[in-house]
Structure formats: C-alpha cells, structure tokens
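**Student:** Before I ask anything, let me first share the structure, which is written out below as structure tokens.
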Amino acid sequence: MRIVAAFAIFSMLAGCSSYKPVGPVFNEALNAPYRLDSGDRVRITVFEQESLTNSYAVDKAGYVSVPLIGSVPARGRTTKQLESDIAQRLRDGFLRDPDVAAEVDTYRPFFIMGEVNTGGQYTYVPGMTAQNAVAIAGGYSPRAEQESVDITRRVGGRVLTGRVLASDPILPGDTIYVRESFF
C-alpha cells in the first residue's frame, strides 16, 4: 500500500513539473505581425522632412506624439498601419504627398521572476528565447526548474499564460516565471 501511495505522489509531482504544450493561439502570436504597445520606441522617418524624422516613444496611453499632427494611436497597430495613419494626417493640410516609414527602434521590455538570480525588467532583443532571458537575469537559482518556464503574454486583447520549453522564443512585454523544481 505504501508503495502505491508513494508512486501516486511521485506521479503527481512529476506531472506538475513536466512540459505541457500551450494552445495554438499562444504560439500564433510568435508569427503574427508585431503590434506596438506602451514602452516601445518607434523610429519615424518622413523623407525630406528632417524636423519630423525622429524616434518617438509609445506613451502609457498607447499614443505617439508627432510634431504638427499631435497624438497618433499606436497601441495594437503594426508599423505599416502607423505609417499610413501618419501619412494621412500629414496629407490633411501639412504636406502634399508625404513619404513616411516607421520601424521599431527599441522594443518594450520583458519581465522575469521566480527562481532566477536577479529577477526584474530587462531590454528585449529580437530572437530571444526564455533561456536567453534567464541568462540575462543572472542564471537559474539552485532550486530552479530548468526545462520549462511559464510565460504570460497579451494575445488578441487577452492575457494568457502557458508553459513552454526554456528554448522557446519570447516576445516583448512577456512575463517569464521560472518555477521551483521539486527534485
């Protein structure tokens, strides 16, 4: 009987620490066009208009403040959509045929906590994996579960959390939680 109870407890603990795939919506965000949000910096180039060409921050309300035209909604939009909006506003009384380009200059940070040596907020670099994020946070603590992590991310206006392998990519704005290992 004790052997059966010990086996049952071991199975439950092993199940808690094993890899469990996330739903398809969670991973689809990795291949979707990048959506701007607070904390991003966008490099906007208005060709032949040096006074308008600059790097602009997406503010807490999700807007980019551009000279002449004021605040332009950026949250949830792609850089192509932002280019189009800025060009349209410049056409409305300021420039005849503006040529606008927008690209992400600096991505919003990611956050990491749990069983890492120095949790906190860090700068995102394109192509980063959860394991890279752990390295930036000073590595795993001695008690860390090193095979998988929990990631919380905003997908389509919803906040989702999923367990992924440490080798999986992360996105700007993700919150990574490194769990404690039971063994």
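Every number in this text was worked out from the coordinates using simple rules, so none of it is lab data. Being a predicted model, the structure only gives us computed values, none of them experimental. Backbone-built Cβ (ideal geometry, glycine too); neighbour counts: all protein chains shown.
**Student:** Please get the size of the charge dipole for the chain, origin at its Cα centre, with Cβ charges of +1 on Lys and Arg and -1 on Asp and Glu, quoted in debye to the nearest 20.
**Tutor:** 600
**Student:** Using the charge dipole of the chain (Lys, Arg: +1 at Cβ; Asp, Glu: -1 at Cβ; taken about the Cα centre), state which of Ala32, Tyr122, Ile112 has its Cα farthest towards the positive end.
**Tutor:** Positive-most Cα among the choices belongs to Ile112.
**Student:** Take the chain, connect every pair of alpha-carbon atoms lying under 10 Å apart with a spring to form a Gaussian network, then pick out the residue of Gly76, Gly157, Gly23 with the largest mean-square fluctuation.
**Tutor:** Highest fluctuation among the options: Gly157.
**Student:** Could you give the DSSP H helices of the chain that reach 15 angstrom or more along their long axis (alpha carbon positions) and whose average Kyte-Doolittle hydropathy is no lower than 0.0? Working shown, then result.
**Tutor:** On the way: long enough: 2-17 (23 Å, 1.73); 79-91 (18 Å, -1.12).
Span-like helices here: 2-17.
**Student:** Give me the orientation-averaged projected area of the Cα convex hull of the range 41-106, in nm², one decimal. Don't jump to the answer; show the numbers that get you there.
**Tutor:** Working: hull surface 15.6 nm².
Approximately 3.9 nm², given one-decimal rounding.
**Student:** (i) 18.1, 62; (ii) 21.6, 84; (iii) 16.3, 52: which one is Rg and Dmax of the Cα atoms in Å as calculated from this entry?
**Tutor:** From the options (i) 18.1, 62; (ii) 21.6, 84; (iii) 16.3, 52, the structure gives (ii).
**Student:** Roughly what would the spin-label model give for Asp99 and Phe182, points 7 Å off Cα along C-beta, in nm?
**Tutor:** Rounded to a tenth, the inter-label distance reads 6.3 nm.
**Student:** A further question follows. May I ask you to derive the relative contact order of the range 41-106, considering only C-alpha pairs under 8 Å and at least 6 residues apart, and to give it as an integer percent? Could you put the intermediate results ahead of the total?
**Tutor:** On the way: 105 pairs, mean separation 24.4, N = 66.
Averaging sequence separation for qualifying contacts and normalising by length gives 37 percent for the range 41-106.
**Student:** Just how large is the dipole of the range 41-106 about the Cα centre, in debye to the nearest 20, putting +1 at every Lys and Arg Cβ and -1 at every Asp and Glu Cβ?
**Tutor:** On the way: 9 positive and 10 negative charges, 63 e Å.
Result for the range 41-106 is approximately 300 debye, rounded to the nearest 20.
**Student:** Please find the FRET efficiency linking Ala61 to Ser167, where r is the Cβ-Cβ separation and R0 is fixed at 41 Å, and quote it to the nearest 0.05. Mind dumping the intermediate values first?
**Tutor:** Numbers: r = 36 Å, r/R0 = 0.88.
That pair, Ala61 with Ser167, gives E of 0.70.
**Student:** Once the mean 1/r over all distinct Cα pairs of the range 21-65 is inverted, what Kirkwood radius in angstroms do you read off?
**Tutor:** Result for the range 21-65 stands at 12.8 Å.
**Student:** Exposure proxy check: Val116, Val178, Val159, Val22 ranked by fewest other beta carbons within 10 Å?
**Tutor:** Fewest-to-most Cβ neighbours within 10 Å comes out as Val159, Val22, Val116, Val178.
**Student:** Set the Förster distance to 30 Å, then compute FRET efficiency between Met113 and Arg75 from the Cβ-Cβ distance, nearest 0.05. Mind dumping the intermediate values first?
**Tutor:** Values: r = 24 Å, r/R0 = 0.82.
In this case the efficiency is close to 0.75.
**Student:** Can you give the relative contact order of the chain as a percent, counting alpha carbon pairs under 8 Å and 6+ residues apart? Could you put the intermediate results ahead of the total?
**Tutor:** Numbers: 347 pairs, mean separation 38.8, N = 183.
RCO, the chain: 21 percent.
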